[in-house]
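Coordinate-derived values only; no laboratory data. These figures come from a predicted structure and were not determined experimentally.
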Amino acid sequence: MKKNKTRPWVFRALIAFAAVLIAFSPARAQYESFFGGESWEYAMAFVPNMYSTEYDPNLLGCITESYRFDAADTVSLNGYTYYYWQGPNLYKLREDTTKGQLYVHDGIAEVLLCDMSLDVGDTFTLSVPHPSGLQYGWFDISMTVDSVTYLNGKKIINLTCDPYWVPHFYGSYNFSLRFMEGIGPMYGMNPYYPFALRGLMCLHKDDTLYYMTHPDVGCWQNVVSVPDYPDVFLTVYPNPSDQQVVLSFSTEEEIRGSVFVRDIIGRVCFQTTVTSPTEVLNIGNLPPGVYMLTFMDHQNRKITKKFVKQ
């Protein structure tokens, strides 16, 4: 009786097939750094004291803080290389690309800000100084991974946390607490104000808008509100579409502004300037899905429309 022998080429074919599946798995897509090539800048909202004349409960925050980092500004500390912000507190950032971890160092201690290696059910602990001062020690804010999703091959970790620590992440603007590959944590790079963890509004990489949490909030806030355009001002068609969308502005005023197209997590996929009442945008290179298109003029007036790329 002859024994069945599996031909070697069968094993080789199976191994090659498995390698192809792994290579094209969303979870195995090439890792994207939190940082830009030459520079990156975080715009974060700060909620002022509710008794202040600047306080507005209908906004994420009325004060914006900006932190810019340049690739040329580095410093060595404890065997690690950090990028540092040339501000009054000299916050320093470093990234462990093997684990997808982001750290901040304020000159006293290092804190883990973001960990992209987490999975559903894992716990993430953010250690922060006592709001009354370091003489009162440190305490931990515990977050739990609620779900993990992938968008265009990039990992998104959704977390839950006691809302006492992040009150302004909730509300009509859907500022959920997340870690996002290529972007970082939604509380930005400064965790040292636990009673108002700074909400990440925008991220610029190499002086180009890369991420915007919500167009109604934008990248900068102050006490002066600017009215939005009425809904009839802009029509986007055809919708859905697979190659092009037309922007039609119903106004006799001069059209001059910027258009941002964002995916469902706020990543800016496309941006351009418009100068005429009718503009055609080529969207053929965008992956299928739902997108938000925002037009903003030179006075920061804006309007947002949703469209579907087939």
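Tabulated values for the structure
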item	result
Other-chain or far-sequence residues with amide H under 5 Å of Leu151's (modelled H)	Ile156
Tensor-based shape of region 231-309 (alpha-carbon gyration tensor, a/c under 1.5 rounded, otherwise prolate or oblate)	prolate
